[in-house]
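The values are calculated or read from the model by the stated rules, or taken from the named source; none is laboratory data. The structure displayed is predicted, hence computed values, not measured ones. Note that each Cβ is placed from the backbone with ideal geometry, even for glycine, and that neighbours are counted across all protein chains shown.
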């Protein structure tokens, strides 16, 4: 895996908005992202290379998962911006954000700040049994990118169930932990043999899936790896996470 992985964002914008878009680009770069912006002079004409260029843009869009639309009057009237947006709508797992360039910069900055925090956050769903593996994975991910944040949903085996019911305090705790997954754009599901036993992990996963707007990676964890996970096993999981996250 690249020792300096890059978190790309495909940016759709009108070339007429370049001065405002440049400020957005600079902010994204300060937040450790790599915005992809295209201004192709040849698209201003009806040259014979239009079909080829659209094909290249389509392939680039299909290779990405983060998309930012810089909305404006000119962008709404641009045939190519609207075409890009139609292509983004076909991407499974796309994380899409629209900002209004007509808004003051302080409003835009706040909007972008919330979104970039979301993009930089990875969530985990797992049981107590997966705790050691999860912690090892987090350590490895931090070695690749110190700007990553994490939220955790863990079915703590110490939470009691009496007569098939949770005490109200425990239920409130579970619901709060589930809601924390709202802050993550990428969810890693660590499926140990006890993942479905108590039902809390399944509940958290179902909640996240229904919410939408995030990506998932499910990893099967053999019981033999839970207590003393093999280094190569951890590395394989981390490589898979990075390959899915840094695109």
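In a residue-by-residue description of region 59-79, the property of being within 29 Å of residue 215 (Cα to Cα), more than 18 Å from the chain's Cα centre (by Cα), surrounded by 11 or more Cβ atoms within 10 Å (Cβ to Cβ) and at pLDDT below 90 applies to no position. Restricting 148, 125 to those that are modelled with pLDDT of 95 or more, in the same structural domain as residue 214 (by TED's automatic domain parsing) and either surrounded by 13 or more Cβ atoms within 10 Å (Cβ to Cβ) or over 21 Å from residue 210 (Cβ atoms) (or both) reduces the list to 125.
Against the numbered list (1) surrounded by 13 or more Cβ atoms within 10 Å (Cβ to Cβ); (2) farther than 25 Å from residue 92 by Cβ; (3) at pLDDT 90 or above, residue 219 comes up short only at (2).
Here is a yes/no grid of residues against (1) outside the structural domain of residue 210 (by TED's automatic domain parsing); (2) without any contact (Cβ under 8 Å) to a residue 40 or more places away in the chain; (3) in contact with a strand residue (DSSP E or B) (Cβ under 6 Å, 6 or more places away or on another chain):
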{"position": "30", "(1), (2), (3)": "yes, yes, no"}
{"position": "54", "(1), (2), (3)": "yes, yes, no"}
{"position": "57", "(1), (2), (3)": "yes, yes, no"}
{"position": "60", "(1), (2), (3)": "yes, no, no"}
{"position": "86", "(1), (2), (3)": "yes, yes, no"}
{"position": "97", "(1), (2), (3)": "yes, yes, yes"}
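Scanning region 179-200 for residues that are crowded, with 19+ Cβ neighbours inside 10 Å and under 20 Å from the mean Cα position of the chain (by Cα) yields 181, 184, 185, 186, 187, 188, 189, 190. When restricted to residues that are part of a helix (DSSP H, G or I) and in contact with a strand residue (DSSP E or B) (Cβ under 8 Å, 6 or more places away or on another chain), region 119-149 contains 9.
Taking (1) surrounded by 13 or more Cβ atoms within 10 Å (Cβ to Cβ); (2) free of Cβ contacts under 8 Å to residues at least 24 places away in the same chain; (3) in contact with a strand residue (DSSP E or B) (Cβ under 8 Å, 6 or more places away or on another chain) in turn, residue 173 satisfies each apart from (3).
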